[in-house]
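Undergrad: The structure that follows is given in the form of structure tokens.
The values are calculated or read from the model by the stated rules, or taken from the named source; none is laboratory data. Being a predicted model, the structure only gives us computed values, none of them experimental. In this analysis, Cβ positions are derived from the backbone assuming ideal geometry, glycine residues included, and neighbour counts consider all displayed protein chains.
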Amino acid sequence: MEAENDPRVIPDDEFLKLLHQARQNDTESTLKLIELFKGDIMRVSKFIHTSEEDAVSDIILEFLEMIKERKE
């Protein structure tokens with residue numbers, strides 16, 4: 001369940017706007033999306049059997065590729 005005061009929780013319309021802008025190569029929106037999912041990225045990185053830094057980099061790379069690949 002989402003915490004009410006979690007600064008990473010944003011309304012759906014704001015998320016979709018960030019996603020659309022990131023797909024248009026807006027760097028600031030892309031960074032905001034990464035920051036939004038940073039906690040999840042860090043948590044998942046612990047299950048990848050490599051250094052944490054490499055795991056985080058791999059996850060972020062996959063995330064960026066997913067953003068760019070998907071069509072609206």
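Undergrad: What single numbered condition from (1) at pLDDT below 95; (2) assigned to a helix (DSSP H, G or I) fails to hold for K71?
TA: (2)
Undergrad: Here are L61, L33: which of them is exposed (fewer than 12 other Cβ atoms within 10 Å of the Cβ), hydrophobic (A, V, I, L, M, F, W, C), at pLDDT 95 or above and not in a loop (DSSP other than H, G, I, E, B)?
TA: Numbers: L33 fails: exposed (fewer than 12 other Cβ atoms within 10 Å of the Cβ).
Going through L61, L33 in turn, the sole match is L61.
Undergrad: Here's another thing I want to ask about it. Six or more apart or on different chains, Cβ under 8 Å: which pairs go from a residue in segment 25-40 that's without any contact (Cβ under 8 Å) to a residue 40 or more places away in the chain and closer than 14 Å to I10 by Cβ to one that's surrounded by 12 or more Cβ atoms within 10 Å (Cβ to Cβ) and of a type in the set (G, A, S)? Could you list them?
TA: S29/A22; L33/A22
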